[in-house]
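In what follows, a single structure is set out as C-alpha cells and then discussed.
Since every read-out is calculated from the coordinates, none of them should be taken as a lab result. These numbers were taken from a predicted model, which means no experiment stands behind them. Virtual Cβ from ideal backbone geometry, glycine too; neighbours counted across all protein chains shown.
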Amino acid sequence: MQTDLLKTVVIVGGGTAGWMTAAALATTMKGRYDIRLVESDEIGIVGVGEATIPMIQLFNKIVGIDEAEFIKATQGSFKLGIEFVNWGRVGDRYMHGFGKIGQDLWTVRFDQYWQKMRALGRAQPLEQYCITRMASRQNKFLPPQPQLPNSPLGDIAYAYHFDASLYARFLRGLAESRGVRRFEGRIDSVSQRPTDGHVDAVVLAGGQRVEGDLFIDCSGFRGLLIEQALQTGYEDWTHWLPCDRALAVPCESAPTLTPYTRSTAHRAGWQWRIPLQHRTGNGHVYCSQFTTDDEAAAALLANLDGKPLADPRPIRFTTGMRRQAWNKNVVAIGLASGFMEPLESTSIHLIQSSIQRLIDYFPDRGFNPVDVAEYNRQSRFEYERIRDFIILHYKLNQRDDSPFWKACAEMPIPDSLAHKIELFRTHGRMVRIDNELFTEFSWLQVFEGQNLVPERYHPLVDLQPEDAIAEYLEGVREVIAKCVEVMPDHQAYIDKHCRAS
Ligand code: FAD
C-alpha cells in the first residue's frame, strides 16, 4: 500500500462532473491539496443534463452558491416534478411531483385511505393531494416558506432546470477562484506505475505531464482512466434499459415557462422537454433496435415548442455501470462511472452523491482496500436502486401500439424490482430500503400514474368510518388547493427574483 501523504488531486474532464467535483473539493478541502483539472476545448462536453432533482440544492449550498445568481447565470428555471405523457397508455398523462403526497393522520399511511376511497368513488385524483403536482398544473412556483412550518407551503420540494454549459462555466469560475488549476489540452496517454499499475500522470498532446496522487476520472463516456487505462469493465444493462441513442436539439422557448420537465413517450423511446429562460431543451432517447435515426429525428422535430435553434445532435450510449467506480487510485465520477437514461434526472445527482462519498472515504496515506470496497458497495447500491425505479416506467406500460412497448412490458426484470411491484400489487405496500433515493411517494406516483391498482388496501383502513376518511381527504385537498392559489406564477417569480439579462 502506498504510504506517502496524498498531496495532489487531478480531475480529468471539465464537464458537469469535473467542475462539480473541482468546486466541491476546493471548497471543502480548503487549500490542503493541490487540485488540478485537465480538459480539452477541442473535445468539449456532452452538453446535455439540464434537469435535476431537489438534492442539488444541498450541493449548491455546500459550495456556497447564491440561488438567484445561479439561476440568472445559467438561464435556469425551477422544477417541481416531471410530467409523463403516453407512458401507461397513449393519451395518459401524470405528474411525478417532488415531495409528499397527502398528510398522515392515523396509523396507516395517507395513500392507503385514498386507495379505499378511490375504489368507492369518493376520492379525487391523487395529484390533488400533492402541492408540487397541483402547482405544476397551474404553472405556479414558490420556494418553501419556513415561517409556515405546518402548512404545505412550508414544505415545497423543488429543483432546477439549467443550461449545462453555463453551469459548467459558472462552477469553473468558482473552482478557479478557490485555487483549482486548470490545464487545457487533449490527453494523449496515461502513465501508470510499473509496480502496481496506479496512474501517476496524464500526458497532454504537447508532451506536458500532469502528475498526481489521486485521479478523478470525469472524462465522460470514454472513461479515459477507469476503462481505457485500467480496463475496469462495464456492466451492461441494455436488456433492462434498452434505449441506446439520443438526439438533442434546443428550440425557441414556449410563451409559458413551465415549472416541470416533460417526458413524452414515443413509439420506440421518449422525448424530454426542459424549459429554460432563453430556450427549451429537447431530446429524443430511443432504441435503435426498434426505430431508425431518421424516424427518431422526425418524431423529435414534430414535437417542439417552437423553431429549432440547431440541428439535432446525436449521442450514443450503453446503459449500465462501471464494475468498480473506484479502482486503484482512480475514482470515476459522472458518465465515466456509468449511465442510466435521464428519465428521472438522476445523473447529476449521482455526480453529487459520488463527490459526497469521495469526501467521506477520502484517502490520506495510500488507498485502504476496505474504504475502496465500501465506496464501491455504496455506488452499486445507489445505481441499482435507481435503475429499478427507471425500469419500472418501461415495464409498467400497457401500450399495444408498437413492438418496442410490448417488448418492454414482457421483458424479465431484476428480482429486487419484481418484489417491489408484487408488494404494491397485492396491498399497495411500498418499502424504501436503506434510504434509497426514491421515496414511497415517488414509487406511488409511478404505480398509480401507470395504472397499477392494488388488489387490496391495508386492513386497518377499515377501522375508520368512511365518512371520517372522506372528510380527512377533503381537508387535505382543500388546504393544498388554497396554498396553490396564493403561490405566484412561475414566470412572475423568475422575473422578480432571478431573470437572466
Ligand atoms: P462530459 O460532459 O462528456 O465531460 C467530459 C470531459 O472530459 C470534457 O471536458 C472533455 O473535454 C474531457 N475529456 C474527455 N477526453 C479527454 C481527453 N482525451 N483529453 C482531455 N480532456 C478530455 N443528467 C441529469 O442529471 N439530468 C438530465 O436531464 C440529463 N439528461 C441527459 C441526456 C442525455 C442524452 C445524456 C447522454 C445525459 C444526460 N444527463 C442528464 C447526464 C449528464 O449530461 C451528465 O451526467 C453530465 O453532463 C456529466 O457529464 P460528464 O462531465 O461526466 O461528461
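At-a-glance table
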read-out	value
Selection from T16, G121, A468, by position along the positive dipole direction of the chain (Cβ)	T16
FRET efficiency, 1/(1 + (r/R0)^6) with R0 35 Å, evaluated for R377 and V90 via beta carbons	0.30
Student exercise, the stretch 292-417 dipole from Lys, Arg, Asp, Glu Cβ charges, in Debye to nearest 20	480 debye
Cα-based Rg / Dmax (Å) for the stretch 441-501	18.6, 58
25 Å Cα-Cα reach of K420 towards lysines, excluding residues that sit fewer than 8 places from it in its own chain	K100, K116, K395, K406
Only Lys, Arg (+1) and Asp, Glu (-1) charged, at Cβ; the chain dipole about Cα centre in debye	420 debye
Kirkwood hydrodynamic radius over Cα pairs of the stretch 152-291, then Stokes diffusion coefficient at 25 °C and 0.890 mPa s, in µm²/s	127 µm²/s
Table column - 3J(HN,Hα) (Hz), the stretch 407-412, Karplus curve with 6.51, -1.76, 1.60, x for Gly and Pro	4, 5, 5, 8, 5, x
Segment R169-A205, length gained on full extension (0.36 nm per residue, minus Cα span)	10.6 nm
Under 24 Å from K496, Cα to Cα: lysines that are on another chain or at least 8 residues apart	K61, K72, K79, K140, K482
For the stretch 306-398, convex hull of alpha carbons as volume per residue, Å³	142 Å³
Convex hull of the stretch 354-501 built on C-alpha atoms - directionally averaged projected area, nm²	16.7 nm²
Alpha-carbon Rg/Rh ratio, for the chain, with Rh computed the Kirkwood way	0.98
Options G212, L224, N282, ranked by Cα towards positive dipole end of the stretch 169-317, top entry (Cβ charges)	N282
Cα-derived Rg over Rh, computed across the stretch 113-202 with Rh taken as Kirkwood radius	1.32
Per-residue ³J(HN,Hα) for the stretch 102-118, Karplus 6.51 cos²θ - 1.76 cosθ + 1.60, θ = phi - 60°, Hz, x for Gly and Pro	x, 8, 6, 10, 10, 4, 9, 5, 3, 5, 5, 5, 4, 4, 5, 6, 4
Enclosed volume per residue, in Å³, of the convex hull spanned by Cα atoms of the stretch 223-307	139 Å³
Size-normalised alpha-carbon gyration radius of the stretch 64-127, reference 2.2 N^0.38 Å	1.65
Rg(Cα) / (2.2 N^0.38 Å) computed for the stretch 1-142, rounded to two decimals	1.54
Computed [θ] at 222 nm, helices only, for the chain once each DSSP H run of length n ≥ 4 contributes -39500 (n - 2.57)	-10500 deg cm²/dmol
Set of aspartates and glutamates near K307 by C-alpha distance (under 16 Å), chain-local residues within fewer than 8 positions excluded	E252
